[in-house]
């Protein structure tokens, strides 16, 4: 095994395969160690603050806009100017850091590509390190692949690369500093910055990021301070790094101005991370017996609380000269059924047309086959303009009650319950096998959509409103009876696999246990 030169106090337990040492260089590891020692105590404090806040909400507290930051919401300030490479983001494609995906996404015709070390990626050691190798090669335009008799390489014109490191809650268990696990997000970010920031600047772009799962402006401040130190360490001008924040928690929706303000020198806007946002609403109100959301398929962007969130995000961004990026259309092309495909593509078209008409500057797709369709809808509204940040929305007046208007509550159907169980088992089984981005029932599922499935089942069991439309109360016994039936359906589709049996066990434990697991990826990570 290759021996690495490690900074004092650092230990690496992951296998050093060919090529890994080129990423885990002494200077790159020294940067990780320095950032960890400087900021890990604050990360732990902020994670502890999440637990305290969650307990208050479990006891009945409702989130609201913060009185102590009213001066920021009411102030007349703007974020720093957006670099040329991020001015036009009408269509952004997302996907994991897998080599073929990286090439296809960069070639897809999208304006930008969010490459994902987080929700659509199983963060096993191999995936994180090969992902960094793929990033290095993609930035230098040398990335290529020979697979099944086909050759993949980059076109002359490619999408702008944007990187999503892991969220604050995720550790990197294979790297210890002073005997403790480090932040997965700092690990992903620091390696990418060290190897690629200067190369990207030389090529007319820069180090651009998406920041996931934040719950407060203090968590954004932590990222901003990490950016400042990293730019100093690497000799880069302050403001070189640009980051778009995903608003995918109900509590962050009340701090959007403040999050932009904390990152204002490094901000490239906000994104409406809709799937995680729905999951967050279920999670934060999980103990409220009167809280209930209908079948997952019925909770769309036109639901009152989702509409309020989308319009508030748009208004907040444009008031601060920041891009507002719409969320993910999880639908994907259905090649073997033209009728179903027409319905799916119609859904994507409607979604992107709504975003564009509302004033959004772009939106996400999960599949290269959707880029042209989404681009068409944005061009209908934007024409040749790169964005519509000049479209202000003074007509939008969202109050706390609008963000907390959780409808629809019905219907909850047996088919919807079974769908959640089926998707949960299928996704968890694939994740354990190393794939965090899985097409299931003509939707592209990642950790966020799987979180909705398992949290809805848990909450339906406990809510007084968790009643099927035929009058039966959803119970843990009902769920336990359905799990082996849905496991059999998954296996009929994907074949036998030990990970699917284990996934069914995990899904049962998570959906029927007395306590609610904060993130399904946390216990799963201990299994890989």
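The values are calculated or read from the model by the stated rules, or taken from the named source; none is laboratory data. The shown structure was predicted, so the numbers you read here are calculated from the model rather than taken from an experiment. Please note: Cβ atoms are built from the backbone with ideal geometry, for glycine as well, and neighbour counts cover all protein chains shown.
Counting only residues that are within 30 Å of residue 418 (Cβ to Cβ), give me the helices (runs of 4 or more DSSP H) lying completely in the stretch 232-326 with at least 1 of them.
Values: elements: 256-262, 274-284, 304-319.
Of the helices (runs of 4 or more DSSP H) lying wholly inside the stretch 232-326, those with at least 1 residues that are within 30 Å of residue 418 (Cβ to Cβ) span 274-284, 304-319.
Summed over the stretch 441-489, residues that are crowded, with 21+ Cβ neighbours inside 10 Å and within 26 Å of residue 246 (Cβ to Cβ) total 16. Could you say whether any residue in the stretch 338-359 is modelled with pLDDT of 95 or more and in a loop (DSSP other than H, G, I, E, B)? Among the residues of the stretch 338-359, at least one is modelled with pLDDT of 95 or more and in a loop (DSSP other than H, G, I, E, B), which makes the answer yes.
Could you pull out the residue among 488, 477, 492, 481 that is modelled with pLDDT of 95 or more, in a helix (DSSP H, G or I), over 18 Å from residue 423 (Cα atoms) and not assigned by TED's automatic domain parsing to the domain that holds residue 55?
On the way: 488 fails: over 18 Å from residue 423 (Cα atoms); 492 fails: over 18 Å from residue 423 (Cα atoms); 481 fails: over 18 Å from residue 423 (Cα atoms).
Within the list 488, 477, 492, 481, the selection yields 477.
Scan the stretch 53-64 and report the pairs whose first residue is over 17 Å from residue 219 (Cβ atoms) and whose second residue is in a loop (DSSP other than H, G, I, E, B) and modelled with pLDDT under 95, with Cβ atoms within less than 6 Å and a gap of 6+ or a chain change. So the pair list comes out as 58/287. Apart from one condition, residue 64 fits all of (1) farther than 18 Å from residue 172 by Cβ; (2) part of a helix (DSSP H, G or I); (3) in contact with a helix residue (DSSP H, G or I) (Cβ under 8 Å, 6 or more places away or on another chain); the exception is (2). When we screen 466, 471, 495 for residues that are without any contact (Cβ under 8 Å) to a residue 12 or more places away in the chain and over 12 Å from residue 426 (Cα atoms), the only hit is 471. Across the stretch 327-337, the number of residues qualifying as touching a helix residue (DSSP H, G or I) at 6+ places or on another chain (Cβ under 8 Å) and either in a loop (DSSP other than H, G, I, E, B) or over 24 Å from residue 253 (Cβ atoms) (or both) comes to 6.
What's the total number of residues in the stretch 37-52 that are more than 23 Å from the chain's Cα centre (by Cα) and either more than 22 Å from residue 515 (Cα to Cα) or touching a residue at least 24 places away in the same chain (Cβ under 8 Å) (or both)?
Applying the first criterion (more than 23 Å from the chain's Cα centre (by Cα)) to the stretch 37-52 yields 37-38, 41, 52.
When the remaining residues are screened for being either more than 22 Å from residue 515 (Cα to Cα) or touching a residue at least 24 places away in the same chain (Cβ under 8 Å) (or both), the result is 37-38, 41.
Number satisfying all stated conditions: 3.
Would you mind stating whether residue 81 is at pLDDT 95 or above, part of a loop (DSSP other than H, G, I, E, B) and within 16 Å of the chain's Cα centre (by Cα)? No, not satisfied.
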